[in-house]
Amino acid sequence: MAAILHNATLATMRDGYGLIPHGAVVIEGDRIAWAGPEADLPATDAPRRDMGGRLVTPGLIDCHTHLVFGGNRAREFEMRLTGASYEEIARAGGGIVSTVAATRAAREDDLLAAALPRLDQMLAEGVTTVEVKSGYGLDIETELKMLRVARRLPSCRDVTVATTFLGAHAVPPEYAGRPDDYLTEQAIPALRAAHAEGLVDSVDGFCEGIAFSPDQIARVFAEARALGLPVKLHAEQLSNLHGAELAAKAGALSADHLEYLDEGGIRAMAAAGSVAVILPGAFYTLRETRQPPIAGLRAAGVPMAVASDCNPGTAPMTSILLAMNMACTLFRMTPQEALLGATAHAARALGLTDRGTIAPGQRADLAVWDATHPAELSYRIGATPLHARIFGGRLDA
Ligand code: DI6
Ligand code: FE
């Protein structure tokens, strides 16, 4: 089944925006067969759909989310703003531990039901691919449960889900002070079991003073390599432990956050071809002041992605468009970089080569916008100019 979208402004995201003003796209099955100026459209009698001059971009890709979790942390948010200290919140059962407890207590169906409205908010902004991490289970059973929920999402909605094992996210209370034992007894066996069940597309960790050391992350990466799985890393978010360099040397798809990244880290990422995933929602929520070195990454030619980091603690947001706006306003990324960050570079951060641009052979995942120029997607705050979503060639899926 072929179809033609015509009278479109195409942002192909090949070589910058890759704008084609009076453009057309030929879709065959779930793939793009042709894209270019309407004047050059190959002769075909396939049905045509008039895009009314609207902007058509690749479907957006949110390449870093913790979409599946139990409960929320609104009460803790309020406590902090009425003067409670971090310690008081922890004693009241708050923080990441409260999300772990809620996620462990939830049935698989309940986790799915909680994740779907968040996913719907993402889809309403033109997202067609979303990455989902584990990491709020921190025991074998619950890590597997989270990943099973993530794998079920595409049977509920028209979306592709890339799963990431994040067993090395935090040390659970029952292993306090014994991070290596946690890795040996829970995280690494959970990774093996999840991989055996086909639940893992890539492996992540949180390299930070409050989480895992570079040596501990190296253990997780060694296991990933043994299983043939690609790696990525939460690195240099709150301090500089040289996690990005460790990740780059392991050939990581990406290093994420990066507020404290230094020149050596930038060079290592550039040499490895790792993507820098910029997460302004966490920076904003934490009221962080140290900005990721955007100019240095740009100068070194490190591809930058932008993602929501959707999580209940440091980024309670589902909006990729807001993340793009924040990347521009807070970090001085350009709207073109922000859109590349949610399309072509986000695809690369997930190791997916079949999406993120409008080109022959790519998946026909597209977003149609009530907009005429792609800068509009980063410019507005709180607006969702999506007109239609095309998933695998199906209009308004
Ligand atoms: N970095 C973060 O900002 C979140 N996880 C991570 O690795 C925090 C997660 C949480 O507080 O629930
Ligand atoms: Fe994260």
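Structure notes:
- Rg in Å to one decimal, and Dmax rounded to a whole Å, for segment 75-129 via C-alpha atoms: 15.1, 40
- About the Cα centre, charge dipole magnitude for segment 218-346 (Lys/Arg +1, Asp/Glu -1 at Cβ), debye: 120 debye
- Most fluctuating residue given options Leu67, Leu340, Leu238, as computed from a GNM of the chain linking Cα atoms under 10 Å: Leu238
- In segment 17-138, inverting the average of 1/r over every pair of distinct C-alpha atoms gives 18.6 Å as the Kirkwood radius.
- Per-selection metrics, segment 202-282 (Cα): Rg and Dmax in Å: 11.3, 34
- Over segment 128-222, Cα pairs under 8 Å with separation of 6+ residues give a relative contact order of 31 percent.
- Accessible surface of segment 272-394 [probe 1.4 Å, protein heavy atoms]: carbon and sulfur percent: 53 percent
- Annotation: Tyr284 carries an accessible surface of approximately 130 Å², with a 1.4 Å probe and no ligand, DNA or RNA atoms counted.
- With Cα atoms defining each centre, segment 215-253 and segment 89-136 are spaced 24 Å apart in the structure.
- Solvent accessible area, Å² - Ser98, 1.4 Å probe, full protein context: 30 Å²
- Value at 222 nm in deg cm²/dmol, rounded to 500, when DSSP H runs of n ≥ 4 in the chain each add -39,500 (n - 2.57): -10000 deg cm²/dmol
- Beta-bridge orientation, the chain: approximately 45 percent antiparallel, per DSSP, counting only bridges with both partners inside.
- Whole-Å distance, taken between Cα centres, linking segment 273-297 and segment 41-61: 35 Å
- Share antiparallel - DSSP beta bridges, segment 264-397, percent rounded to 5: 70 percent
- Helix 96-105 and the longest principal axis of the Cα set of the chain meet at an angle near 80°.
- Part-to-part distance (alpha-carbon centres) for segment 154-180 and segment 312-367, which is given in Å: 22 Å
- For the Cα trace of segment 1-85, dividing Rg by the Kirkwood Rh returns an Rg/Rh value of 1.34.
- Note on the chain: the C-alpha convex hull projects to 18.4 nm² when averaged across all orientations.
- Whole-number accessible area per residue in Å² for the chain, which is evaluated in the context of all protein chains at 1.4 Å: 39 Å²
- Segment 280-397, relative contact order [Cα under 8 Å, separation at least 6], %: 22 percent
- Comparing Asp139, Asp40, Asp120 in a Gaussian network model of the chain where C-alpha atoms under 10 Å apart are linked, the largest mean-square fluctuation is found at Asp40.
- Relative contact order computed over the chain (Cα-Cα under 8 Å; 6+ residues apart), in percent: 20 percent
- Rounded D (µm²/s) - segment 62-194, Kirkwood Rh over Cα pairs, Stokes-Einstein at 25 °C, 0.890 mPa s: 158 µm²/s
The values are calculated or read from the model by the stated rules, or taken from the named source; none is laboratory data. As the structure is a computational prediction, the values presented were derived from the model and not from experiment. We place every Cβ from the backbone using ideal geometry, glycine too, and count neighbours over all the protein chains shown. Note: areas computed on protein heavy atoms with side chains; ligands, DNA, RNA excluded. Shrake-Rupley method; radii C 1.70, N 1.55, O 1.52, S 1.80 Å.
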